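The values are calculated or read from the model by the stated rules, or taken from the named source; none is laboratory data. What you are looking at is a predicted structure, and each value in this text was computed from that prediction instead of being measured. Cβ: placed from backbone, ideal geometry, glycine included. Neighbour counts: every protein chain shown. Surface accessibility is based on the protein's heavy atoms, side chains included, excluding ligands, DNA and RNA. Shrake-Rupley method; radii C 1.70, N 1.55, O 1.52, S 1.80 Å.
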Amino acid sequence: DIVAIGRYNVSRNFALLQAPSGVFRGNASLLASGAFGVDSTSNSRMRGQLQFNNTPLSWLSPVLKDYVSGLGGVLNGNVQLRGPVSAPDMTGQVALSNAALRVDYLGTNYRIPRADILISDREITFGEVRLLDQYNNEAALTGSIDHDHLNDFSLRLRLTSDKFEVLNLKDYESEYFYGHLVAQ
């Protein structure tokens, strides 16, 4: 179910969302509240919050298409949004639990039992995340994704392990490279 409660000012292109606006399914929800300008080409501003309550990671599938698939797990936490709609300031923390995903570019499947993620307008920080491959080999992922208000992304990630699957593509899955590689 999608619920939107609030007001919209047509002359100002401004929406006010009130609780309990959001997306709901069973005990899972993604709540949105606050005041949002809806014209990203102007100096519209926002002041609001996103609240994740057992939110399925799979709800992000449309945004992550062609990068990762087979998303599983849940998100809990909140993110505050402030400033211009075109470049919002963000602060927040979300906890990822029982995640599963396939990195399509590599053909590998990974599980993440738990991860605490800090979000800001310049960086998404992971701390140290325990990653498991399909053989239950373990790796430690640390680092961040740097960005400028969700633009100009750059990865600063480090993956360390004694043994870990890093490639599992068939010849028909990639025209550039394929094969199976477990790094040791």
message = Tally up the residues in region 99-116 that are of a type in the set (Phe, Trp, Tyr) and either in a strand (DSSP E or B) or touching a helix residue (DSSP H, G or I) at 6+ places or on another chain (Cβ under 6 Å) (or both), please.
response = 1
remark   = Counting only residues in region 9-37 that are loosely packed, with under 15 Cβ neighbours inside 10 Å and under 23 Å from Ala87 (Cβ atoms), the one modelled with the highest pLDDT is identified as Asn9
key: Top-ranked residue in region 121-136 [being among the charged types (D, E, K, R), in a strand (DSSP E or B) and modelled with pLDDT under 95; ranked as most open to solvent (accessible area, probe 1.4 Å)]   = Glu128
task = Within region 58-83, track down each residue that is among the aliphatic types (A, V, I, L, M) and modelled with pLDDT under 95.
result = Leu60, Val63, Leu64, Val68, Leu81
message = Can you say whether Asn78 is assigned to a strand (DSSP E or B) and either open to solvent by 30 Å² or more (accessible area, probe 1.4 Å) or in contact (Cβ under 8 Å) with a residue 60 or more places away in the chain (or both), as far as the supplied structure shows?
response = yes
key: Filter result (touching a residue at least 40 places away in the same chain (Cβ under 8 Å), in a strand (DSSP E or B) and out of contact with any His (no Cβ under 6 Å at 6 or more places or on another chain)) within region 137-180   = Glu165, Val166, Leu167, Leu169
ask   = Could you count how many residues in region 42-65 are in contact (Cβ under 8 Å) with a residue 12 or more places away in the chain and either over 21 Å from the mean Cα position of the chain (by Cα) or more than 21 Å from Val85 (Cα to Cα) (or both)?
value = 11
request  = Please specify each residue of region 155-174 satisfying the condition of being more than 15 Å from the chain's Cα centre (by Cα) and closer than 30 Å to Leu81 by Cα.
outcome  = Arg156, Leu157, Arg158
